[in-house]
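Worksheet: the structure to be examined is printed underneath.
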Amino acid sequence: MRKIALLAVILGSFTFPVSGNTIEMVEEENQECLQRAWDYGTEHGRGNSYAEWFWTNDYIERNC
Amino acid sequence: MNIFKFLILIISFSSIYGQSSGKAVYGKKWVDPYTETERGQELKKTNPKLYKEYLQTEQEQNKLTKQLRYHLDFNKNEGLFYLEDIMSIDDNPMIRLATGPFQGEYYQNNINDNVIWQLESFDGDYLIDLNPVQWNLENKQKTINGYKCYKAVGEEKTSNNGNEVTTQVVAWYAPDIPFNFGPIGYNGLPGLIVSLSTRGEHYFLEDIQLSKDKKEIDEPTKGERMTYQEFVGMFDKKMEKIRP
């Protein structure tokens, strides 16, 4: 959860300083990673919301 | 039956039934990996790169899981199931892949008829009261580690965002080991659970030592106390918040 919150803060701060393709790409990449994390977590959680949250968070820690 | 056979029978009976505590060691394997499911095979066709990533993760998970050893300490009335501390794996940031979500300590008390799961999670410590499983005892039997075991199947119902989810638990228990405990909080069978499969995890007995000594089992006390339904409901909300 800390990582998710951190990512949200990072994404928020990255949209602030400059506008440009690089920033948009970073944000898009992170959004894609969060989407992959969500997919991974919900697939591996086997219908248990705690397990879904655990695997989503774990994926973010390892990959995003 | 001659007197010699009768004496052996009495000695072996008293050697097991005279015990008042014990320590069992379990290993764990992951079963039904996602990449082998229908959806995993579909992913292989639609997104081979992601499928390969998932497959590599599963391989790493299996490798790490082989290093894990779980302990079940028990006396006549209480049991505590926990993961053995291993320095080499504690330092590995990938270790959560092996432990999985259902890590922590499981305390079982036959007198109060309660099971408490102590979990140290990413965002806090919890003491979760687990619901007893209603077992259906079957006649199927097989020998595991030299013990004659019988099959029991249970079902657990939880909710996920308001939808009821049923999870099956399959256990093999040994009536010759008269302690009704088992891995990850499962208990209530007429003998120790020597093999247990649920939620993609399979626990199997590797070693057991029984003793006539009394053993103290400490109930975990650290964490916020709640029911399993409250715990799962909390993560329903957390998942909603991070939904992309």
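The values are calculated or read from the model by the stated rules, or taken from the named source; none is laboratory data. Small disclaimer: the values here were computed from a predicted structure and weren't measured. Here the Cβ is made from the backbone with ideal geometry for all residues, glycine too, and neighbour counts use every protein chain on show.
Can you work out which of the residues in segment B:93-138 that are free of Cβ contacts under 8 Å to residues at least 12 places away in the same chain and polar (S, T, N, Q) is farthest from the other protein chains (Cβ to nearest Cβ)?
Ranking the candidates gives B:ASN112 first.
Would you point out which residue out of B:GLN67, B:GLN56, B:GLN41 is surrounded by 14 or more Cβ atoms within 10 Å (Cβ to Cβ), of a type in the set (S, T, N, Q) and out of contact with any strand residue (DSSP E or B) (no Cβ under 9 Å at 6 or more places or on another chain)?
Result of the check over B:GLN67, B:GLN56, B:GLN41: B:GLN67.
Regarding B:VAL153, is this residue in contact with a Lys or Arg (Cβ under 9 Å, 6 or more places away or on another chain), among the β-branched types (Val, Ile, Thr) and in a strand (DSSP E or B)?
No, not satisfied.
Condition check ((1) more than 10 Å from the chain's Cα centre (by Cα); (2) within 20 Å of B:VAL31 (Cα to Cα); (3) within 7 Å of chain B (Cβ to nearest Cβ); (4) surrounded by fewer than 22 Cβ atoms within 10 Å (Cβ to Cβ)) across all residues:
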position	(1), (2), (3), (4)
A:CYS33	no, no, no, yes
A:HIS44	yes, yes, yes, no
A:SER49	yes, yes, yes, no
A:GLU52	yes, yes, yes, no
A:ASN57	no, no, yes, no
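For segment B:204-224, state whether one or more residues are at pLDDT 90 or above and part of a helix (DSSP H, G or I).
There is no residue in segment B:204-224 that is at pLDDT 90 or above and part of a helix (DSSP H, G or I).
Could you check segment B:179-199 and list, in sequence order, the residues that are within 23 Å of B:ILE116 (Cβ to Cβ) and of a type outside the set (A, V, I, L, M, F, W, C)?
Passing the criteria: B:ASN180, B:GLY182, B:PRO183, B:GLY185, B:TYR186, B:ASN187, B:GLY188, B:PRO190, B:GLY191, B:SER197, B:THR198, B:ARG199.
Taking the condition of being among the small types (Gly, Ala, Ser), within 23 Å of B:VAL25 (Cβ to Cβ) and either within 16 Å of the chain's Cα centre (by Cα) or buried (at least 18 other Cβ atoms within 10 Å of the Cβ) (or both), how many residues in segment B:78-132 meet it?
4
Residue by residue through segment B:139-167, note down the ones that are within 14 Å of another protein chain (Cβ to nearest Cβ), surrounded by 15 or more Cβ atoms within 10 Å (Cβ to Cβ) and in contact with a strand residue (DSSP E or B) (Cβ under 6 Å, 6 or more places away or on another chain).
B:GLU156, B:THR158, B:VAL165, B:THR167
Within segment B:158-166, is there a residue that is under 14 Å from the mean Cα position of the chain (by Cα), part of a strand (DSSP E or B) and touching a residue at least 12 places away in the same chain (Cβ under 8 Å)?
no
Listed residues B:MET226, B:MET239; which is among the aliphatic types (A, V, I, L, M), within 13 Å of chain A (Cβ to nearest Cβ) and either within 18 Å of the chain's Cα centre (by Cα) or buried (at least 17 other Cβ atoms within 10 Å of the Cβ) (or both)?
Answer to the selection: B:MET239.
Pick from B:TYR17, B:TYR34, B:TYR70: which is modelled with pLDDT of 90 or more and either over 24 Å from the mean Cα position of the chain (by Cα) or more than 14 Å from chain A (Cβ to nearest Cβ) (or both)?
Unique residue meeting the criteria: B:TYR70.
For B:VAL170, which of the numbered conditions (1) among the β-branched types (Val, Ile, Thr); (2) buried (at least 18 other Cβ atoms within 10 Å of the Cβ); (3) assigned to a strand (DSSP E or B) fails to hold?
Exception for B:VAL170: condition (2).
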